[in-house]
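Below is one structure, written out as structure tokens; the observations come after it.
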Amino acid sequence: MRRAGPHLSANQLAHQLFGYAAGALDGQLIEVLVPQAAGRRHEKLRESFTARPQVRTMGAHNGELQGLRHDGSVFPVEVSLSYFYLDEELYAVSYILDITYKKEFEQQLIAGSQRVAALNADLEQRVTERTHALMNTLEQLQLRKNELAKALAAEQELGELKSRFVSMASHEFRTPLTAVLTSAALIAEYPATEQQDKRLRHIERIRTSVTHLNDILEEFLSVGRIEEGKIEAHPARLDLPALLRDVVADVQSLRKPGQRIEQTTDCPEPLWLDPSLLRKILVNLLSNALKYSGKNSVVAVAAACQAGVLTLTVADQGVGISEEDQAHLFERFFRARNVTNVPGTGLGLYIIARYLELLHGRIALQSALGQGTTVTITVPYENHSAD
């Protein structure tokens, strides 16, 4: 193309690219090959280029260019412009490049990128789902682990309790059973009428041993009923002074020579509490006080009622309990180390504590080795009319 006119001359490759016979493009306008110049008229482009000729690319800032073949088909092209002067005449040179394969490759790259993005998104989703599932699985495993740990701890505790029970039972049962067998055998040695006093002495030993065995079995059964939830509190009208007198009378047979029980009561009005549970608590506390105190000692039991709270105190002058052992006194089958030679199951204080839970009460213990023990229980109560 020259400055004087928009005549076109094309080389052989241009004729082949656009499907024209040799020489058919000579003298044609550029619009024949590139009919659209990104929305701008070729006349204006030629005027602009002629005014300021420079090497540049067409369509770089105004969209893609389409080449038009002789058969009417189109294909993507890139067009570059250059120029030269010949005899001071400006000539423009257009380089037209078929970029069909480039566009196809770009589309393939785009499609590939989209597939990769879709695969990445799918992979991320799967990873998220698998991670979530894994976290759930780990959480479930942790829960199962905790449950198994608790079950194992419970099993170990049960095993220890069984072992302690067997050891304690074999020891506690052996002494009274031996006394029963020995006394039964000795009774047969006294057939004469005048030997009745000797027979009665051994019969009393048998009675005492059987009572002791019965008490042990009753403690075992009480623990079982408590832990199975079969024991409940049933409040009723309670005359505390009368109950206290009855309990003291019941434990008189447990006194050692010279032992005495002193009692004081400051509860003039009837209470509303479970008489059976309170009676068992008192019997157990007084029995322990007498058992672990020596001859000629005093066991003091005091009851006071104030502001809806019953306070019961049982104080003895016995062997006392070390601070180390006090931390375990309310555990099943636990016995202080300084009384292992004294008959007992190690269940008394455990049962008392569980009974107090049913009564919404509390228990406190103060003791020192060789200086006795004072046990204080507090239980809330209600006042009800006599009817």
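The values are calculated or read from the model by the stated rules, or taken from the named source; none is laboratory data. All values derive from a computational prediction rather than experimental measurement. Cβ atoms come from the backbone with ideal geometry, glycine included; neighbour counts cover every protein chain shown.
Determine if region 4-12 includes at least one residue that is of a type outside the set (Ser, Thr, Tyr), at pLDDT 75 or above and outside any loop (DSSP other than H, G, I, E, B).
Taking every residue of region 4-12 in turn, at least one turns out to be of a type outside the set (Ser, Thr, Tyr), at pLDDT 75 or above and outside any loop (DSSP other than H, G, I, E, B).
Restricting to region 283-323, what's the tally of residues that are at positive phi and in a strand (DSSP E or B)?
Total meeting the criteria: 0.
Being among the basic types (Lys, Arg), touching a residue at least 24 places away in the same chain (Cβ under 8 Å), touching a His at 6+ places or on another chain (Cβ under 7 Å) and more than 16 Å from Tyr350 (Cβ to Cβ) narrows it down to one residue among Arg255, Arg237, Arg260, Arg279; which is it?
Arg237
Just checking, how many residues over region 306-320 are more than 43 Å from the chain's Cα centre (by Cα) and closer than 16 Å to Leu244 by Cβ?
Number of matching residues: 1.
Could you tell me which residue of region 349-381 is nearest to Arg279 (Cα to Cα), considering only residues that are touching an Asp or Glu at 6+ places or on another chain (Cβ under 7 Å) and not hydrophobic (A, V, I, L, M, F, W, C)?
Tyr350
Condition first: modelled with pLDDT of 70 or more, under 27 Å from Ile351 (Cβ atoms) and either of a type in the set (S, T, N, Q) or loosely packed, with under 13 Cβ neighbours inside 10 Å (or both). Can you find one or more residues in region 184-192 that meet it?
No, region 184-192 contains no residue that is modelled with pLDDT of 70 or more, under 27 Å from Ile351 (Cβ atoms) and either of a type in the set (S, T, N, Q) or loosely packed, with under 13 Cβ neighbours inside 10 Å (or both).
So if I check each of Arg362, Arg337, which one is farther than 14 Å from Asn288 by Cβ, surrounded by fewer than 18 Cβ atoms within 10 Å (Cβ to Cβ), of a type in the set (Lys, Arg) and modelled with pLDDT of 90 or more?
Arg362
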